[in-house]
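Each remark here refers to the structure printed beneath this line.
The values are calculated or read from the model by the stated rules, or taken from the named source; none is laboratory data. On a predicted model such as this, the values are computed, not experimentally measured, just so you know. Neighbour counts run over all protein chains shown; Cβ positions are idealised from the backbone, glycine included. Surface accessibility is based on the protein's heavy atoms, side chains included, excluding ligands, DNA and RNA. Shrake-Rupley method; radii C 1.70, N 1.55, O 1.52, S 1.80 Å.
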Amino acid sequence: FVFSRRAIGGPCGCSCCAPAMTMRQLRLIPAGVQKAYRDTIATCGDAFAYSSTMALHIYRLKDNSLSKMIAAHERTITSICWCPEDTNLLASCSVSKKVSIWDIKEEEERYSTKLSDVPVLMDWAATSNHIAMCVGEAAQIIIWHYKESDKQDKLFSVGHNGGRVLRWHPRHGKLLVGTADGAIVVHSMQTKKRDTIIGKSKTSKDAVTDAQWDPLSDDYILVAFQDGSLSLFDAGSQDEIFSYDIQAQPIKSLAWARAQPGNFVTTTDRVGLLRLWNVSQRAPLAQIKIGASGVNCIKAIPSEPNWFMVAFKNSAVGICDISSRKLRFMSSPGHSETIFDIAFHPDDPDVLATASYDGYVKMWRISTGESQSEMYAGPDQILYGLAIGPGAKRVCAVSGTGGLFIWRPDTGSQEVRQQVHTAQCFRCEWDHWGQGRIITGGADAFACIVDAKTGSVLQRISHPQPVVGVVWHPTEADVIATACNDGQVRVFKVNLQDGGEPRPTVMLIGHGARVFNIAFHPNCPDLLASGSDDKTIRIWSVKPSHQGARELRKLTGHTAFVRGLMWHTELPYVLLSGSWDSTIRIWDVAEQKCLHVAHEHHADVYGIALHPQRPFFLASSSRDTTLRFWVMEDIVRPMLLQCLVQPWRVNEILGSDPAEIVQTLCTPPGDVTPLEVKLYGQGSRDMATAVQHVHGQPITLESYRRIISFFMYRHGIEDLWGLLAVARGEKPPPPLPCVSGGGSRSVYHEKELIASHRSKALGMASSRGDLGIAMKQEERLLKAAQIMLRVGDIRQYCRFTAQAGHWERAICIAPAVSQQFWRELCSEYCETLSAATDLEEIAPFWIATGRGSLLV
C-alpha cells in the first residue's frame, strides 16, 4: 500500500479514506488527596469526595468507583464541603479567592462568589443556606448567603491568632472557630452573642488542631491541641469539664462515632492508627491499624454510622469500618501535587516513573493503575526532573533546592543525596552509554555533569542566565545541548580530561523568551527541537558544518508557554508538545502544521513520554496532578493491517535512509512533496526481526501478538494473549508467577492456575516451598495435600496425606480415585505397620486387599 504523509495515511493515497491523526484518551490515574490543606475530604449519604491540588474527585460509596472529576479550578483548592440537604451540591474554595458550589450531576458551577482574600476554612450550615468561611491572614469570618444575590456578612475577625478549625453545630446555628493560640470562639447566629473559651491561649498557646460539636449536646465541644492534649468543653459556661490522657503524637483530626453514642475516634499524621475513645474515660478504648502512613483528616459517613473516610499523608484515601476494624477501601497513593516529569521503564512498557512537586518519585504499574513503589526526597523538596538509568537499576531526580537524588527503585533505598546547584535544578538526564554520568541544569546559570556513583560534580558549564533543559546527544557520547533563559540553545562538546570549561560549538538563536525543553531527533541526531516561553517550537540543524540558516521550522499554535516536548520515536516528522494552555499538540514538522489538539488536561502539561516498544501509546502529566494515557494508532492502521495479513512483508514499512528526513526538513514547508511514510525507530526493527521468519510457515500466535502489541495498546490485552496461547496449546507470553505479585497479567486460564498451584504444592512437599524448611514436615505435607485437593488432584491429596501419617483419612478418600488405587494405598499402609502391631488391627486391611492368606 501507499501511505501518503500529506494525506495522513490513506491506503489509496487519497484524503477521502485517510485516517485522521488523532489522539484518544484511553484512561487516567487520578491524583491523590492534597496535603497542603486538611479539610479537603467530604462525605454524604451515597458518596465521598476529595480534592487534589486543582480538581474534585467524587466516588460512589456502593462500589468505591470514581464517578465524577471536576477540574475547573485555576489555583490550589483549600477546602471542600457537602451540602447537608442536597447531596448533588458540593462547595469548594481556592487560593484564587473564589468560592464555588458545584452541581455534581451536571458537572457545572451553580453558584460562586469572590472574596477579598484567600479562604482557608469552610463549612456548610446544617439548617440554612449559609456557608461560613475563614478568610485571609486576619482570619475574617464571613457568612455567604449563596441564594441571596451573592450576599456576604462579615461576622468578626480572629486577627493575628489565625483560624485553624471552623465548625457549624449539627442542629443549631452556632459556629465555632479554633485558633492558632489555643482559644475557641463560639458565635450564635440567633443571639449574635460571641463567647471565647480560653483553652490554651493563656498558658502554652498550643494551637487547636481539631474540634467537633458533641452531636448529643447543645453546648459540648471536643477539642484537640497541638501538644497532644484533648479536652471536652462546655460552650455555655466556657469551662473545661473533662480532660483526657495527653498523647505522645498530636491529634490531627477527630470525629464522633454515630453508631456508638459517647464514642469518638482520633487520628495522628505520624502513624496509620485510629484510636477509639469514650467520652467518659481518659484513656483510649482501642486502636485500629489502618495503614503505614499517617492520617491527615477523618470524616464520618452519614449513611453508615460505623464507617469513616480517611485522608492519608501519602495522598491515598480510604474507607474504614470501626465495627469490623478493617479498611473497606484504599486508593492507590497518587501524587497530590503537580507531576513535572515522567519516564517509561526502558525495558518494561508497563512501568512508568513520575516526579512531583510533592517530593515523591513513584513507579506505576500501568495495567493496574497502582503505584508499586515510591521514593521520597524529603520535605520542601520539589522534584522538577526525572531520569531512569541504564537497565533501570537506578533512578535520579533533581529538586527545587538544587539537590540531586539517586535511588534504587527495586528497594527504594537512597544511594545519593548531593547538593549540585546553589539554586533550583530543573532538568536531568542520564547518559545513554553506561558511562555513569548525569547532566543537570539549574537556576544558578550552570549545566553540571555529575558522577552518578557519588553525586560529585565532574564539570560545570557556565551560562549567562539560568539553564533549564539539558540533553545528551543520541549518538555522540561527549556532546550535550542546553536550553537557557536568554532564549538560546547551545551545543557543547565536553572533555572531562582537559579540565577547561567547554565553549559552545553551535549556538541556536531565534527564540524571543526562555527556552524550556529541548529534544534531539532520535533518528536524525543533527536535528533538534526546542520549546519556549515565546509559545513557539523551533526545529534546528545542529550539524557543525551546516550552511545557511539553522532554524528549519517554526511551529506556532500554543497560546501559552511550551513545556512538554518529544519527537515520535517511529514517525520522523511527528513531534508532540505540551503547554501551559493545558493542551497536547501533535505536529507535522515537515509541513509546519498542527495535526491534532488534545484538550483533556485541565492545567499545564509538563511531561510527555512514549515507550519504544509501544510507540503509539502515550503518557502525559500535568499540573492537574493526573496521569493520562493516550493512543494514537489511527494513523498506522493500514500498516497494522498489512503486517497482520502478510507479516513476511513487514520490512516494507521500515525506513532505510534517515538522510531523506534531513533533506525534507531543509526544504521550505510549501515545497515539500508527499512521501511514503516509513517507520524509523528501533522498536519497529525489533518487531520486524521477531516476525519475519514466518514466510511460508503457519503464522504463530506470538507473531500476531508482537505485531498488534507494537501498534496498539488496550488494558487487558496481555490477558487475552495469555488465554489464547493456553487455548491453542502454546506457551503463554509472560510466565505465571507461582506466588502473587509481578507480571502484567491479571486473568489466567484454568490450566495455568492448576499448573501453578501444583508446582507450589510439589515444592512445599519437598521442603523447597515458600514456607521454608522451618515448618514441620507433617504440616508442610498437609498444606500441600490441601492445595492438591483444591485443584482436583485427589490422588496426590491422598499421597501427601498418607506421607504426613494420616493414613486413615487418605484411605477413606482413595475410592474417589479408583478401587485399584484404594487397594494399593491399603497395601502400602499394611507394609508400614510394624511386626508388633496387633493382628486385629491389621487383619481387615489384609482381607480387603486380597491378602487374607497371611492370616493362616
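Taking the Cβ of E109 as the center, what net charge do the other residues with Cβ under 14 Å away carry, scoring Lys and Arg +1 and Asp and Glu -1? Write out the running numbers ahead of the final one.
Working: positive: K68, K98, K105, R110, K114; negative: E74, D103, E106, E107, E108, D150.
In short, -1.
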- Carbon and sulfur %, accessible surface of the chain computed with the full protein complex present, 1.4 Å: 49 percent
- Note on the structure: Filtering trypsin sites (Lys or Arg not before Pro) in the range 418-488 by DSSP loop and by at most 15 other Cβ atoms within 10 Å leaves K453
- Taking only Cα atoms of the range 604-707, the Rg to Rh ratio with Kirkwood Rh works out at 1.06
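How high is the relative contact order of the range 55-204, in percent, with contacts defined as C-alpha pairs under 8 Å that are six or more residues apart? Don't skip to the end; give the middle numbers.
On the way: 343 pairs, mean separation 17.5, N = 150.
This gives 12 percent for the range 55-204.
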- Message: Run the helix sum for the chain: -39,500 (n - 2.57) per DSSP H stretch of 4+ residues, divided by residue count, reported at 222 nm to the nearest 500 deg cm²/dmol.
- Response: -4000 deg cm²/dmol
- Query: What's the tally of Lys pairs in the range 462-621 whose alpha-carbon atoms lie under 23 angstrom apart, where the two lysines are 8 or more places apart or on different chains?
  - Reply: 5
- Query: Of the cross-linked pairs K68/K362; K393/K453; K326/K362, which ones have a Cα-Cα span greater than 18 Å in the structure shown?
  - Reply: K68/K362; K326/K362
- Query: For the range 240-383, what is the charge dipole size about the Cα centre, in debye to the nearest 20, if Lys and Arg each add +1 at the Cβ and Asp and Glu each add -1 at the Cβ?
  - Reply: 800 debye
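Note down the net charge around A31, summing +1 for each Lys or Arg and -1 for each Asp or Glu among other residues with Cβ under 9 Å from its Cβ.
Values: positive: none; negative: E337, D624.
With Lys, Arg at +1 and Asp, Glu at -1, the neighbours total -2.
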- Do any chymotrypsin sites (Phe, Trp or Tyr not before Pro) in the range 404-510 lie in a DSSP loop with no more than 16 other beta carbon atoms within 10 Å, and if so, which? W433
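Relative contact order (percent) for the chain, with alpha-carbon contacts under 8 angstrom and 6 or more residues of separation?
Values: 2156 pairs, mean separation 58.5, N = 856.
Taking the mean separation of contacting Cα pairs over the length of the chain, I get 7 percent.
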- Hits among aspartates and glutamates - C-alpha to C-alpha of K678 under 17 Å, sequence gap 8 or more where chains match: E570, D588, E591, E633, D634, E652, D657, E660, D686
- Item | Derived scalar couplings ³J(HN,Hα) [the range 250-257; Karplus, 6.51 cos²θ - 1.76 cosθ + 1.60; whole Hz; x for Gly, Pro] | x, 6, 8, 7, 8, 7, 7, 8
- Task: Would you list, by chain and number, the lysines whose Cα falls below 21 Å from the Cα of K731, excluding same-chain residues fewer than 8 positions away?
- Result: K751, K760
- Query: log10 I(q)/I(0), Debye, Cα-only the range 221-372, no solvent, q = 0.15 Å⁻¹?
  - Reply: -0.82
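Restricting attention to the range 281-382, which trypsin sites (Lys or Arg not before Pro) occupy a DSSP loop and are surrounded by at most 15 other Cβ atoms within 10 Å? Walk me through the numbers on the way to the answer.
On the way: sites: R282, K289, K299, K313, R325, K326, R328, K362, R365; in loops: R282, K313, R325.
Sparse-neighbourhood loop trypsin sites (Lys or Arg not before Pro): R282, R325.
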- Message: Counting pairwise Cα distances across the range 512-568, what percent come out greater than 20 angstrom?
- Response: 22 percent
- Taking the Cα-to-Cβ direction at M507 and at R110 and moving 7 Å from each Cα, how far apart do the two end points lie in nm? 6.1 nm
- M712 neighbourhood, Cβ < 15 Å, K/R = +1, D/E = -1, net charge +1
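Could you tell me what fraction of 2.2 N^0.38 Å the Cα radius of gyration of the range 326-466 comes to, as a two-decimal ratio? Write down the numbers at each step before the final one.
Numbers: Rg = 15.2 Å, N = 141, 2.2 N^0.38 = 14.4 Å.
Ratio of Cα Rg to 2.2 N^0.38 Å: 1.05.
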- Read-out semi-axes √(5λ) of the Cα gyration tensor in Å, derived from the coordinates shown; its label in (i) 58, 36, 31; (ii) 61, 40, 23; (iii) 50, 49, 25: (iii)
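Rg(Cα) of the range 478-599 divided by 2.2 N^0.38 Å?
Values: Rg = 14.6 Å, N = 122, 2.2 N^0.38 = 13.7 Å.
Normalised by 2.2 N^0.38 Å, the Cα Rg of the range 478-599 equals 1.07.
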